[in-house]
């Protein structure tokens, strides 16, 4: 099972990052996908906690996403889809620190079968983001992927 660990810093503000991460509707998901290119299709299957004016980054939802793989046309690999529980938000600590988070965890959701020619994959992603100085975000993210079906490890990564 491929595992990816990302640790480091990048430029930006925590609020801007979190606004980019939170996408509680299919419309917003599609806008994000148009510039991030993280999936080819998707849907919000259920909203459990929706963002509010008071907590614009707090969200819990069930989502379906599909990834069209470049080698799909060759017949070597099949596209993958995921059904995940996603939670986002910002934790506020007593010392004033704020840590943004995003958690995605594959789940079995009734009535969501893979589309024809698609294999249901599973993954777990957790990301933590902390503003360490003006325009600098510290990040720690961990992703475990089980691509499902038969696929070469190098292709899965």
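Taken together, the values in this text are just the output of simple stated rules run on the coordinates, not laboratory data. Predicted, not measured: the structure shown is a model, and the values here were computed from it. Reconstructed Cβ throughout: ideal geometry from the backbone, glycine too, with neighbour counts over all protein chains shown.
Tabulated values for the structure
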| read-out | value |
| --- | --- |
| Estimated FRET transfer efficiency when R0 is 30 angstrom, pair residue 7-residue 37 (beta carbons, to 0.05) | 0.85 |
| Residue 16-residue 144 FRET efficiency (beta carbon distance; Förster radius 22 Å; 0.05 resolution) | 0.20 |
| Burial order of peptide ranges 135-143, 47-55, 59-67, 27-35 (average beta-carbon count within 10 Å, highest first) | 59-67, 135-143, 27-35, 47-55 |
| For the chain: relative contact order, % (alpha-carbon pairs under 8 angstrom, 6 or more apart) | 26 percent |
| Theoretical gain in end-to-end length, residue 55 to residue 99 [0.36 nm per residue, Cα-Cα removed] | 14.5 nm |
| Helix-only CD estimate at 222 nm, as mean residue ellipticity for the chain, using -39500 (n - 2.57) per DSSP H run (n ≥ 4) | -4000 deg cm²/dmol |
| Helix axis angle, 26-36 relative to the chain longest principal axis, alpha carbon, degrees | 90 degrees |
| Label selected from [x] 0.99; [y] 0.95; [z] 1.01, the criterion being Rg/Rh (Cα atoms, Kirkwood Rh) as computed here | [x] |
| Label-to-label distance, nm, for residues given as residue 133 and residue 26 (7 Å Cα→Cβ offset) | 4.6 nm |
| Gap separating the Cα centres of the range 81-106 and the range 110-127, nearest whole Å | 21 Å |
